[in-house]
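Note sheet for the following structure.
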Amino acid sequence: MSAAGLGNTADVVSAVLLLLGGLSCLLGALGLVRLPDLPARLQATTKPQTLGLLLILVGVAVRLEFENASTLVLVMMFQMLTAPVISQVVGRSAYRSGAIERESLVVDDLGVRMEADARAVVVPRDGEPGGDGAPGQPPGATLRLDRTDRTEDDPDEDPADGAGAGPAGSDGPGRGSDGDRRARGDGAGER
């Protein structure tokens, strides 16, 4: 095949892709205007518009040099990644604001998840808004871990600091380690 024949074939392929892409975008726009509810409109704006843009970009890439066409591949990837995410965010926002009738949905996974979140108890951590640390402790206090396995007649334990006289770093009953002292917040285990 001659160079003129390849050019004509590329022109035809490019024209067909451009027309199909334009038709897909037109159908998406008609769906946006004509469809009755928000989920259907989101479907019409996301899928046909993305397909239409991809077809148009491929049609243009057929006629460009490789260096320029590779840039269009990045645009295609960006479009394929962002369009579904944006549609998801808009759909969730519409659902939470009440713009979508929940009774009209066949499956309502977000409603089940929102109900479970409403029943959950959230305990803010120290340093977060509303977080005052552990219950019964002043704000900013260190949580104290009390050992329950101590006995009064344990000879290796000093009741004043709770650190055992055993080998350093042992975690046996009645023997405190550096980690235990750090957890209690008394700083005895810090070097």
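Structure summary
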{"read-out": "Thr142 vs. criteria assigned to a helix (DSSP H, G or I) and modelled with pLDDT under 90", "value": "no"}
{"read-out": "Residue satisfying condition, being modelled with pLDDT under 90 and under 21 Å from Ile100 (Cα atoms), within set Ala4, Ala40", "value": "Ala40"}
{"read-out": "Meets criteria (among the basic types (Lys, Arg), assigned by TED's automatic domain parsing to the domain that holds Ala94 and surrounded by fewer than 15 Cβ atoms within 10 Å (Cβ to Cβ)) for Arg41", "value": "no"}
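Here's the yes/no breakdown for (1) exposed (fewer than 13 other Cβ atoms within 10 Å of the Cβ); (2) assigned by TED's automatic domain parsing to the domain that holds Arg92; (3) modelled with pLDDT under 90; (4) touching an Asp or Glu at 6+ places or on another chain (Cβ under 8 Å):
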site: Leu27; (1), (2), (3), (4): no, yes, no, no
site: Gly31; (1), (2), (3), (4): no, yes, no, no
site: Pro36; (1), (2), (3), (4): yes, yes, yes, no
site: Thr46; (1), (2), (3), (4): no, yes, no, no
site: Gly52; (1), (2), (3), (4): no, yes, no, no
site: Val58; (1), (2), (3), (4): no, yes, no, no
site: Phe66; (1), (2), (3), (4): yes, yes, yes, no
site: Ser70; (1), (2), (3), (4): yes, yes, yes, no
site: Leu74; (1), (2), (3), (4): yes, yes, no, no
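The values are calculated or read from the model by the stated rules, or taken from the named source; none is laboratory data. The shown structure was predicted, so the numbers you read here are calculated from the model rather than taken from an experiment. All Cβ positions, even for glycine, are placed from backbone atoms using ideal geometry, and neighbour counts span all protein chains on display.
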